[in-house]
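The values are calculated or read from the model by the stated rules, or taken from the named source; none is laboratory data. Just so we're clear, the structure is a prediction, and the values are computed from it rather than from any experiment. Cβ placement follows ideal geometry from the backbone for every residue including glycine, while neighbour counts extend to all protein chains displayed. Protein only, heavy atoms only, side chains kept; ligands, DNA and RNA dropped before computing areas. Shrake-Rupley method; radii C 1.70, N 1.55, O 1.52, S 1.80 Å.
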Amino acid sequence: MSNRGNFSSKLGFILAAAGSAVGLGNIWRFPYLAGTNGGAGFLFIYLICVLMLCFPVMVGEIAIGRNAGSDAFGSYKKLGGGNWGYLGLYGILAGVLILSYYNVVAGWAFGYFLEISFGNLLDHQDFGSFFGDYVNDIGPLFFFSLGFMVITAVIVAQGIAKGIEAANKIMMPGLYIILIGLIIYSLTLPHAMDGVRFYLVPDFSEIHSKTIFYALCQAFFSLSLGMGCLITYGSYVTKDQNIVKSAVIISMADTSVAFLAGLMVFPLVFSLGAEPGQGPKLIFVILTQAFQSMGPFVGRIVGGSFFLLICFAALTSTISLLEVPAAYFVDQKKLPRKAVVWGVSGLIFVLGIPTMYSQGLVPFLNKLPFHNSPDFLSFVADLCDIMLVSGGCIMCLFIRSKWRVGSLNNELAIGNPGYVGSFVQGYINFAISWFCPVVLGILSILVIVDKYYGLEWLFG
Ligand code: TRP
């Protein structure tokens, strides 16, 4: 473990993992998925998924990483031998694919930050059609996404403590402050309570099997699970840290930001008389409208800061995504960190190009023959979701059949004297050996069917 680097403090790891978790997933994806999937019903299922399925997986990943002290591939190989390393590679591939489209969406947010702060975006009338034109204006977007990738690469090239920790310490508190400010504002608007009701009072007849799939995939994505990101971060964690407690804090930080983002968005949606189920453009349309209604000066300041904070949140996530393949090449292939980071970032940027062109510019790229993933962006995003959930399932099988639940318990007991014999231990053991692999396995298959063929295909 000589030159791999460690987080400089306990808080450093928690902040970095929370920074990885909190990102576009919370502020962009969570509200629009909740909006298309029934609001409160979605929130309810989401919380259950976080608690019952995601939490044990998170604990398992961090424990594997700290015990093995290596990247995703190296950790599985070291603890499992044989072909288990491929599970790490599967996760690394998922990370590369996620970053390829994530970076494009981050480019949109970066563009909105610049347009609102310096331009005249808020003078427009119809923000829906503005967004449609914007994501097809390839020149600036190419530049913004490239800029985002370069900033990510510069930070990751610096190595663990300096780059990643420093970025997180500024961003997290700022994000909470601006979210809470916007929630207070949105709650004072007329009809805000209709939004609150939509978001907080579940209508159980509205919950479908699809709600469960989307909520589960979103929870995995939002908590950065299932692809070895937390194995990699876990490998930089020192032995005096309490993994279970850290996982509780990370999950709560992530879930609270998603929750607050919803609480900000839906009162705005209802007070503007807008449609909650408008998909990926939701926050770009609703928030710009809200900033416009604050007047030209205040709107520009508040809107600019809000999109800037989204960019920071996205940046701490892209950093964690790039760190996974980077750690692999540094640890396994003994390549120099800087060269690896620039090489991998370049590749990922190129992989993202079809996504950039998939919002209407190239007709073929938004008419793919898949049931729920007709455009290239949703196609890759759905593929990644499936990789995460199935990756989480296989990780549980790995612990259960190869590394052993006993070794997991030993690792979790380090830095956590009360762990052995506790209720939490009982639940984690049950979840890792039975509940998670079974439920995640079944749901992965159903999600594949749903996204690419449509569930009707299976059930008639
Ligand atoms: N969790 C981040 C978000 O919500 C995205 C992310 C970062 C991620 N690292 C990950 C998702 C690893 C899956 C796996 O925006």
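Only one of the listed residues (Tyr32, Tyr86) is open to solvent by 10 Å² or more (accessible area, probe 1.4 Å), within 16 Å of the ligand (Cβ to nearest atom) and out of contact with any Asp or Glu (no Cβ under 8 Å at 6 or more places or on another chain). That residue is Tyr32. Taken together, Ile178, Ile164 contain a single residue that is assigned to a helix (DSSP H, G or I), within 16 Å of the ligand (Cβ to nearest atom) and either open to solvent by 10 Å² or more (accessible area, probe 1.4 Å) or modelled with pLDDT under 85 (or both), which is Ile164. For segment 140-150, the count of residues that are over 30 Å from Val330 (Cα atoms) and of a type outside the set (Ser, Thr, Tyr) is nonzero. Listed by first and then second residue, the pairs with beta-carbon distance under 6 Å, at least 6 apart or on different chains, first residue in segment 233-247 and open to solvent by less than 10 Å² (accessible area, probe 1.4 Å), second in a loop (DSSP other than H, G, I, E, B) and at pLDDT below 90, are Tyr236/Asn6; Tyr236/Phe7. Looking only at segment 2-14, decide whether some residue is buried (at least 24 other Cβ atoms within 10 Å of the Cβ) and in contact with a helix residue (DSSP H, G or I) (Cβ under 6 Å, 6 or more places away or on another chain). No - not one qualifying residue is present in segment 2-14. In segment 198-240, of all residues being among the hydroxyl-bearing types (Ser, Thr, Tyr) and part of a helix (DSSP H, G or I), the one that is nearest to the ligand (Cβ to nearest atom) corresponds to Ser222.
Taken over segment 328-342, the criterion of being in contact (Cβ under 8 Å) with a residue 40 or more places away in the chain and over 15 Å from Leu99 (Cα atoms) is satisfied by Tyr328, Val330, Asp331, Gln332, Arg337, Lys338.
The set of residues in segment 215-256 that are modelled with pLDDT of 95 or more, within 14 Å of Gly392 (Cα to Cα) and of a type in the set (Gly, Ala, Ser) comprises Ala219, Ser222, Ser224, Gly226.
For segment 395-413, the criterion of being open to solvent by less than 50 Å² (accessible area, probe 1.4 Å), among the β-branched types (Val, Ile, Thr) and assigned to a helix (DSSP H, G or I) is met by at least one residue. Taking the residues in segment 433-455 that are in contact with a Leu (Cβ under 7 Å, 6 or more places away or on another chain) and of a type in the set (Val, Ile, Thr) as candidates, determine which candidate is surrounded by the most Cβ atoms within 10 Å (Cβ to Cβ). Restricting to residues being in contact with a Leu (Cβ under 7 Å, 6 or more places away or on another chain) and of a type in the set (Val, Ile, Thr), the top hit is Val439. In this structure, is Val350 open to solvent by less than 60 Å² (accessible area, probe 1.4 Å) and part of a helix (DSSP H, G or I)? Criteria not met by Val350.
Pairs meeting the criteria (first residue in segment 415-431 and assigned to a loop (DSSP other than H, G, I, E, B), second residue open to solvent by 50 Å² or more (accessible area, probe 1.4 Å), beta carbons under 6 Å, at least 6 apart or on different chains) are Gly415/Asp240.
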